[in-house]
Amino acid sequence: MEILGQLEQTKAETLKGFALGDGDLQRTYGPGKWSVRYVLHHLADSESVFLYRIKRVISEPKQVIWAYDQDAWARKLDYAAFPLDLARNVYASSRESIIYCARLHYEGSGAITFVHSETGVRTLKDEFDKVVWHNRQHLADIERALRGPQ
């Protein structure tokens, strides 16, 4: 399945980010944008949210799943001080669980639906695909930050 390769590839690329030095972790991809450290924390938290949604929809289809406020998480969980090693572990274990679920449930997941509080009716397949899309978007942010001003 192509999705498994994409999940593995984005996982490997993201895990490299957790090994960056403090200077690189403080870089941002634009004025007023999150630092690489914040993006990595966000990816870890998002991965845990995606895993929750996926497990919930597999177990109890036709759920209403609420969006979360990513900026509130960053602020209230104090991403600047939160240990990056913990975030790395959350990201890695959540991604492994998502890969496991995708291996078992991706095929045919287009027929399993839920309602997202902001985007409406979605399928389990949409959510698996969103994991990859979301991760790629933030990997691009990290790349821009590490390249520095153009």
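Please treat every number below as a calculation from the coordinates, not as lab data. Here the structure is a predicted model, which is why all the values come from computation and not from measurement. All Cβ positions, glycine included, derive from the backbone under ideal geometry; neighbour counts span all protein chains shown.
Listed conditions (1) closer than 22 Å to residue 107 by Cα; (2) surrounded by 14 or more Cβ atoms within 10 Å (Cβ to Cβ); (3) without any contact (Cβ under 8 Å) to a residue 60 or more places away in the chain; (4) more than 18 Å from the chain's Cα centre (by Cα) are all met by residue 62, apart from (2). Just one of the listed residues (57, 49) is hydrophobic (A, V, I, L, M, F, W, C), over 27 Å from residue 25 (Cα atoms) and in a helix (DSSP H, G or I), and it is 57.
Considering 117, 109, the condition of being touching a residue at least 12 places away in the same chain (Cβ under 8 Å) and loosely packed, with under 13 Cβ neighbours inside 10 Å is satisfied by 117 alone. The conditions of being within 17 Å of the chain's Cα centre (by Cα) and loosely packed, with under 12 Cβ neighbours inside 10 Å are not met by residue 87.
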